Amino acid sequence: MRYEIDLFGVLLPSLMLWLVITYAIGALLRPVIERSGLYRYVWHRALFDLALYVCLLGGVVYLSSGLLS
């Protein structure tokens, strides 16, 4: 398994790619959550967004490890 990604001669850890993918997914989910009115039931919006990001990151890493092996 490769833990580094070669991007034009620059070696980046694979976690960097997972973080960017997770940020993109979170950026797409945030307006959906806002339009659905879920934020009305959330006590602290920033804390909820951070928890959502961590959960999404765990899911992305889990799915990518299953695809790579």
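Once phi is turned into θ = phi - 60°, what whole-Hz ³J(HN,Hα) does the Karplus curve with 6.51, -1.76 and 1.60 give for every residue of region 58-63, x standing for Gly and Pro?
Computed from phi, the couplings for region 58-63 are x, x, 5, 5, 5, 5 Hz.
Under 11 Å from the Cβ of Ile33, count the other residues' Cβ atoms, weight Lys and Arg +1, Asp and Glu -1, and hand me the total.
Values: positive: Arg30, Arg35, Arg40, Arg45; negative: Glu34, Asp49.
Surrounding charge for Ile33 is +2.
Using the heavy atoms of the protein chains and a 1.4 angstrom probe, tell me the accessible area per residue for the chain in square angstrom.
Accessible area per residue, the chain: 81 Å².
Work out, in µm²/s and without decimals, the Stokes-Einstein translational diffusion coefficient of the chain at 25 °C, 0.890 mPa s, Rh from Kirkwood over C-alpha pairs. Please report the intermediate quantities before stating the final value.
On the way: Rh = 13.6 Å.
Answer, rounded: 180 µm²/s.
If I stretch the segment between Val20 and Leu63 completely, what's the gain in nm (0.36 nm per residue apart, minus their alpha carbon distance), one decimal? Spell out each step's value before the answer.
Working: separation 43, 0.36 × 43 = 15.48 nm, distance 1.50 nm.
In short, 14.0 nm is gained.
Could you give the angle, 0 to 90 degrees to the nearest 10, between helix 14-36's Cα long axis and the longest principal axis of the Cα atoms of the chain?
Computed tilt is about 20 degrees.
Just the number, please: carbon plus sulfur as a percent of the accessible area of the chain, 1.4 Å probe, no ligands or DNA/RNA counted. Show your work: numbers first, answer last.
Numbers: 4050 of 5610 Å².
C and S atoms contribute 72 percent here.
Once the piece of chain linking Cys55 and Leu38 is laid out straight, how much longer is it, given 0.36 nm per residue of separation minus the C-alpha distance between them? Mind showing how you got there, number by number?
On the way: separation 17, 0.36 × 17 = 6.12 nm, distance 1.70 nm.
This chain segment gains 4.4 nm when fully extended.
How large is the charge dipole for the chain, taken about the Cα centre, if only the Cβ atoms of Lys, Arg (+1) and Asp, Glu (-1) carry charge, to the nearest 20 debye?
Working: 5 positive and 4 negative charges, 63 e Å.
About 300 debye.
So for the chain, taking the charge dipole from beta-carbon charges (+1 Lys/Arg, -1 Asp/Glu), which of Leu52, Pro31, Tyr62 sits furthest toward the positive end?
Result: Pro31.
The values are calculated or read from the model by the stated rules, or taken from the named source; none is laboratory data. Computed from a predicted model, the values in this text were never measured in an experiment. Virtual Cβ from ideal backbone geometry, glycine too; neighbours counted across all protein chains shown. Surface areas here come from the heavy atoms of the whole protein model, side chains and all, with no ligands, DNA or RNA. Shrake-Rupley method; radii C 1.70, N 1.55, O 1.52, S 1.80 Å.
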